[in-house]
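What follows is a set of notes on a single structure, which appears directly below.
What follows draws every value from the coordinates through simple rules; no lab data is involved. These figures come from a predicted structure and were not determined experimentally. Here the Cβ is made from the backbone with ideal geometry for all residues, glycine too, and neighbour counts use every protein chain on show.
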Amino acid sequence: MGKITDALKKAAQERIGRLEKVSHIDEHKGKIIVRKIKDSKVDPRLVPYFDTKSLISEQYKILRTNIVALQKKNPMRTIVMTSSIHSEGKTITSLNLAITLAQATQKPKVLLVDADMRRGRIRKYLGADSHVGLSEILAGNGTLDDAIFQLDVDNLSFISSGQVPANPSELLDSEAMKNLLRDLKGKFDYVLIDTPPIIPVTDAGIVGSMVDGVLMIIEAGRTQRGVVHRAEELLHQSHCKVIGHVLTNIQYHLPQYIYRYL
């Protein structure tokens, strides 16, 4: 989620000895990465999967709390995750949020769908071997039961993007996609949908108009304000409801009186 101060890293390292699932914390390009003791194919950037008490996991819990709070006013069961441009941390954010939602006390049923049928990466980040995905479902070459897979996280399921089709936008803008979303809302409490960036392609706008809300992922210090405004214009033109923004790669300092409680 961003660069952590030296004091914060020290506090995190002291906490590692008490964790059963974590062996060490590496620093890679200023980011804290939690790794599992046993060999795991899951990407180490999925921090809540390995360490639910880490500082990064706490940030996702705050995001979870904000999403749950929206439920009091309007149903927010289907949410599209998108960004303005590529490489803003959208897919990693989607995965970490999905894991954190599934870890809530209420144990909601959570599904994360990889709707980036151009460059889908969820299967790669999870180290999963899934041969049927969203493209097969929408093209009528696979069923929902064939496509859904799980990790060892209770109440959390995934659908990969599938093979790259010749017409991803057309598949998303179809009755099959609308029927699929209707079916998923009846089976899961939360359906997160990871889509491509909105500026290069129209996919996020298509799916965003079918769901309850859209979360914009923005990389702090990289994505210019004008680019974000353009992305929001495209979403509004597609009749999407932007419910919030998530900043990634934030640089901040946490004083000792905050992190001492961790």
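Between VAL68 and LEU181, residue separation times 0.36 nm minus the direct Cα-Cα distance comes to 38.7 nm. Hey, how many Å between the Cα centroid of region 126-145 and the Cα centroid of region 202-247? With region 126-145 and region 202-247 each reduced to a Cα centre, they are spaced 26 Å. The residues ASP173, ASP203, when put in order of fewest to most other Cβ atoms within 10 Å, stand as ASP173, ASP203.
Seen from ALA115, the other residues with C-beta closer than 11 Å to its C-beta sum to a net charge of -3, counting Lys and Arg as +1 and Asp and Glu as -1.
Multiplying the residue separation of THR105 and ASN141 by 0.36 nm and subtracting their alpha-carbon distance yields 9.3 nm.
Its alpha carbons considered, region 52-259 gives a radius of gyration followed by a Dmax of 16.5, 56 Å. All other residues whose Cβ lies under 14 angstrom from that of ALA204 are scored, Lys and Arg at +1 and Asp and Glu at -1, for a net of -3. Cβ crowding within 10 Å ranks ASP189, ASP194 as ASP189, ASP194, fewest other Cβ atoms first. Based on alpha carbons, the Rg and Dmax found for region 106-157 are 11.5, 35 Å. Full extension of the segment from PHE149 to VAL164, taken as 0.36 nm per residue of separation minus the current Cα-Cα distance, would add 3.5 nm.
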